[in-house]
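Down below is the structure, laid out as structure tokens.
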Amino acid sequence: MTELQIQDNDAGQTLEKYLQKALPALPRSLMFKAVRNKKIKVNRKRCEVRQMLQAGDIVQLFLPPDVLEQETFVPNDRPLRVVWEDDDLMVLYKPRGLLSQKDQPGKQDDMNSRLRTLLWKRGIWNPETDRSFRPSVAHRLDRNTSGLVLAGKTAAGARKAAEMICQGNLEKEYLATVEELWTGRRNSGCS
């Protein structure tokens with residue numbers, strides 16, 4: 001039997017959503033069957049997949065070890081430039097050549113891994129207890145683009161960033177710079 005305590009960053013979502021994020025190796029069909037057969041309980045009681053979880057709840061799992069595995073956190077000690085932050089949000093500088101998020105499985109240098117390492121070192125995020133929430137950038141910039149990105153430090157911050165983007169309260173501006181003088185023939189658009 002495994003017990004998982006719900007932390008602030010994991011609260012406010014259904015048991016189904018939590019388990020899908022926290023235990024990616026757990027098939028949905030097995031999750032539903034385990035809830036029906038009382039192999040998954042919340043606070044030692046029968047539960048429902050649509051049950052909302054709150055901070056402090058205890059999820060008990062009577063499941064095989066292979067479905068309880070989670071993605072291993074690997075710290076990334078590469079530097080991360082923080083431009084601004086409050087309790088829930090950060091504005092970060094993304095240098096040219098760095099991915100905003102991984103594009104393949106396994107260890108890779110990207111903004112999200114640098115952000116998670118920084119918040120882990122500061123004691124703001126713990127991958128062992130915050131099982132379904134992973135701090136991340138709220139939007140991407142192309143690999144060869146440098147600039148500022150907004151990131152959620154907490155689940156509340158991630159929701160706030162997503163809301164800002166959806167409501168159009170976050171304005172993106174792009175600035176192109178020319179590094180060499182172009183000496184080609186000017187095309188007037190007429191033949």
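The values are calculated or read from the model by the stated rules, or taken from the named source; none is laboratory data. Owing to the predicted nature of the structure, the values given are computational and were not obtained by experimental measurement. Heads up: the accessible areas ignore ligands, DNA and RNA and are worked out on the full protein's heavy atoms, side chains in. Shrake-Rupley method; radii C 1.70, N 1.55, O 1.52, S 1.80 Å.
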With every protein chain in place, the chain: carbon and sulfur % of accessible area (1.4 Å): 47
Over 28 Å between alpha carbons, listed pairs LYS17/LYS172; LYS21/LYS153; LYS33/LYS107: LYS17/LYS172; LYS33/LYS107
For the full complex of protein chains and a 1.4 angstrom probe, list PHE62, PHE133 by accessible area with the highest value first. PHE62, PHE133
I need the phi-derived Karplus couplings for region 31-48: 6.51 cos²θ - 1.76 cosθ + 1.60, θ = phi - 60°, integer Hz, Gly and Pro marked x. 4, 4, 5, 5, 5, 4, 8, 6, 8, 10, 10, 10, 6, 6, 10, 4, 9, 10
Given a 10 angstrom Cα cut-off, can you work out which residue in GLN51, GLN167, GLN108 is the most mobile in a GNM of the chain? GLN167
For the chain, what class follows from the C-alpha gyration tensor (a ≥ b ≥ c being the square roots of its eigenvalues): rounded when a/c is under 1.5, otherwise prolate if a/b is larger than b/c, else oblate? prolate
Accessible area expressed per residue, region 99-191, with surrounding protein chains retained (probe 1.4 Å, Å²): 71
Binned Cα-Cα distances of region 82-191, short to long, each 5 Å bin given as a whole percent: 2, 10, 18, 21, 16, 11, 6, 4, 5, 3, 2, 1, 0, 0
How large is ³J(HN,Hα) for each residue in region 52-69, as worked out from phi by the Karplus curve 6.51 cos²θ - 1.76 cosθ + 1.60 (θ = phi - 60°), to whole Hz, x for Gly and Pro? 7, 8, 10, 4, x, 4, 10, 9, 9, 10, 9, 10, x, x, 5, 8, 8, 5
Round to the nearest 10 and give me the degree value, 0 to 90, for the angle of helix 155-166's Cα axis relative to the longest principal axis of the chain. 50
Once the whole set of protein chains is in place, how much accessible area is left on LYS38, using a 1.4 Å probe, in Å² to the nearest 10? 100
